[in-house]
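Visitor: This structure is in structure tokens; I'll ask about it shortly.
The values are calculated or read from the model by the stated rules, or taken from the named source; none is laboratory data. What you see is a predicted model, and the numbers here were worked out from it, not measured in a lab. Ideal geometry is used to build each Cβ from the backbone, glycine not excepted, and the neighbour counts take in all protein chains shown. Quick note on the areas: whole protein, heavy atoms, side chains included, nothing else; ligands and nucleic acids left out. Shrake-Rupley method; radii C 1.70, N 1.55, O 1.52, S 1.80 Å.
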Amino acid sequence: MTQLVLPLEMRSALGRADFIVAPGNERAVAFVDSYPHWPAPAAALYGPPASGKSHLAAVWAEKAGANSIEAAALDSGAPGSIPQGPLVVENVAAGVAETVLFALLERGAPLLLTAQAPPAEWPALFHLHLPDLVSRSRALLGFALWAPDDALLMGLAVKLFADRQLQVPESVVNHMIRSLERSPGAIRDFVARADAAALADKRPITLSLIKDLLVDPAAPSLP
């Protein structure tokens, strides 16, 4: 029996039970699970794209009743517009509104930030100029999500396919993982390509389709 491929809306499963725990992220998961018994009110999750930072931040936001905002949306001219109470600030990077970020760190409310780099590196990497923010960044608790092993990559691929309402044989997923760059981002992008190709060709995701995509970098992809 082959799998019927339907153009269904993709919805990511972002609950705690959907998060894949592995050696490369277990300290971050343990910290989030320990809320509200944190040793400090603020912390950062860091790691490469698609490593699970936003997923784990969403888990905490649900648990803490927190609002979420992109760091790029922080407006240095309107600090009063920032939601009160627990807050997630996603994707801290160069150009962040330093005065607002410092105010968030100072206010003492629960705060979880995400970034690609550890907070101790933010002052130099993001060219922070506010001395107090530089000090707070270097002292901020940071938890890594990276170094995926085979179990995590396998679990991630299965989850990404499931998010797209697809069930793909384990042998097919294994071949895909062995053939791709060992990063969550590469797995995410390839799953999107496989889904797009299956829809375009009206064929199930089989070993044959995966092999075709691996030798054809021009195959279609979805956002």
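Visitor: Roughly what would the spin-label model give for THR99 and GLU181, points 7 Å off Cα along C-beta, in nm?
Guide: Placing both labels 7 Å beyond Cα along the Cβ direction yields 3.9 nm.
Visitor: Next question, about the same structure. What's the Kirkwood radius of the chain in Å, using all Cα pairs?
Guide: By the Kirkwood definition, the hydrodynamic radius is 19.0 Å.
Visitor: Going by amide H atoms built from the backbone, whose H comes under 5 Å of the H on LEU111, apart from near neighbours?
Guide: Amide H to amide H, under 5 Å and 5 or more residues apart or across chains, LEU111 pairs with ALA42, ALA43, LEU87.
Visitor: When the gyration tensor of the stretch 99-223 is built from Cα positions, what are the square roots of 5 times its three eigenvalues, in whole Å, from largest to smallest?
Guide: 41, 14, 14
Visitor: Let me ask something else about it. Tell me the angle of helix 170-179 to the major Cα principal axis of the chain, expressed in degrees between 0 and 90 and rounded to the nearest ten.
Guide: 70
Visitor: Just to confirm, what accessible area per residue do you get for the stretch 103-219 at 1.4 Å probe, in whole Å²?
Guide: I get 48 Å² per residue for this part.
Visitor: Would you kindly derive the ³J(HN,Hα) couplings of the stretch 86-93 from the backbone phi angles with the Karplus curve 6.51 cos²θ - 1.76 cosθ + 1.60 (θ = phi - 60°), listing them in order in whole Hz, with x for Gly and Pro?
Guide: x, 8, 9, 10, 8, 6, 5, 8
Visitor: Using a 1.4 angstrom probe on the protein heavy atoms only, could you order MET154, MET176 from most to least accessible area?
Guide: Descending accessible area places them as MET154, MET176.
Visitor: How large is the Kirkwood hydrodynamic radius of the stretch 29-116, counting all unique pairs of alpha carbons, in Å?
Guide: Answer for the stretch 29-116: a Kirkwood hydrodynamic radius of 13.1 Å.
Visitor: Let me ask something else about it. Ignoring ligands, DNA and RNA, what percent of the accessible area of the chain is carbon or sulfur (1.4 Å)?
Guide: Values: 6300 of 11230 Å².
Of all accessible area on the chain, carbon and sulfur atoms account for 56 percent.
Visitor: So, one more: According to a simple spin-label model (label point 7 Å from Cα along Cα-to-Cβ), what is the distance in nm between GLU106 and GLU70?
Guide: Here the answer is 2.7 nm between the modelled labels.
Visitor: Using only Cα atoms and rounding to the nearest 10 degrees, what angle (0 to 90) does helix 53-64 make with the longest principal axis of the chain?
Guide: Approximately 60 degrees, to the nearest 10.
Visitor: For a Förster distance of 30 Å, can you work out the FRET efficiency between the beta-carbons of LEU199 and ASP150, rounded to the nearest 0.05?
Guide: 0.60
Visitor: Also, quick follow-up: Under a GNM of the chain (C-alpha, springs under 10 Å), which listed residue has the highest mean-square fluctuation: PRO204, PRO118, PRO169?
Guide: Maximum among the listed residues: PRO169.
Visitor: Using the Karplus curve 6.51 cos²θ - 1.76 cosθ + 1.60 with θ = phi - 60°, what ³J(HN,Hα) values do you get for each residue of the stretch 183-194, in whole Hz, with x for Gly and Pro?
Guide: Karplus values, whole Hz, x for Gly and Pro: 9, x, x, 5, 5, 4, 5, 6, 4, 4, 5, 5.
Visitor: Tabulate in residue order the Karplus-calculated ³J(HN,Hα) for the stretch 106-122, using 6.51 cos²θ - 1.76 cosθ + 1.60 with θ = phi - 60°, rounded to whole Hz; enter x for Gly and Pro.
Guide: These are the phi-based 3J(HN,Hα) values: 7, 6, x, 6, x, 9, 10, 10, 10, 6, 7, 10, x, x, 4, 8, 4 Hz.
Visitor: What does the charge count around LEU104 come to, taking other residues whose C-beta lies under 15 Å from its C-beta (Lys +1, Arg +1, Asp -1, Glu -1)?
Guide: On the way: positive: ARG107, ARG136; negative: GLU70, ASP75, GLU90, GLU98, GLU106, ASP132.
Its environment carries a net charge of -4.
Visitor: Same structure again: For the stretch 121-196, which GluC sites (Glu not before Pro) pass both filters: DSSP loop (anything but H, G, I, E, B) and at most 15 other C-beta atoms within 10 Å?
Guide: In loop regions of the stretch 121-196 (DSSP not H, G, I, E or B), the sparsely surrounded GluC sites (Glu not before Pro) are GLU181.
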